[in-house]
Each structure stands twice: as C-alpha cells, then as structure tokens.
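Asker: Please read through the structure below; I'll follow up with questions.
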Amino acid sequence: MATLSPDTENDVQVTFEDQQKINRFARNNARLQDIKEELVAKKKEVQNLEDAVDELVLVDSDELIPYPFLK
C-alpha cells in the first residue's frame, strides 16, 4: 500500500483550463439538480390539476360548485 509523504500530499497541480472545466461542471451539475427539483414540482402540480378535473367530471349537474365572479 502506497502512502503519500507530507511533501507530495499538497503538490496537486491544476491547470487553469482544468479549473475552468471543474467550475463549468459544478455550475451545470447545480443547474441540473435545480431543474430536477422543478420538474418534480411541476409533475405534482399537473397531477393536482388532473385530480381536480377528474373531480369536476364526477360532479352531478345538480351539485354545481359555486364560483364567485368578480365584478
């Protein structure tokens, strides 16, 4: 098993181009996570709207739902 000496432990060289790629990846990954969360929220919203439509379809015409109209 190879171990790093204290001198070589901190000798990692990252070029400017590599750092730019790392930063771009981090930004894109964070954006991806945000979009995934937004997608979950939108799917839930669509499901709620579909459920509401289904409930309205099931309502008899005798059981009209009052809707307050603004004047």
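Read-outs throughout are calculated quantities, based only on the coordinates presented, and are distinct from any laboratory measurement. The structure displayed is predicted, hence computed values, not measured ones. Every residue, glycine among them, receives a Cβ derived from its backbone with ideal geometry; neighbour counts consider all protein chains shown.
Asker: Just grab the label-to-label distance for Leu56 and Gln33, each label 7 Å out from Cα along the Cβ direction, in nm (one decimal).
Answerer: About 3.8 nm, to one decimal.
Asker: Compute the signed sum of charges (Lys and Arg +1, Asp and Glu -1) over the other residues within less than 13 Å, Cβ to Cβ, of Asp34.
Answerer: Around Asp34, the charge tally is +2.
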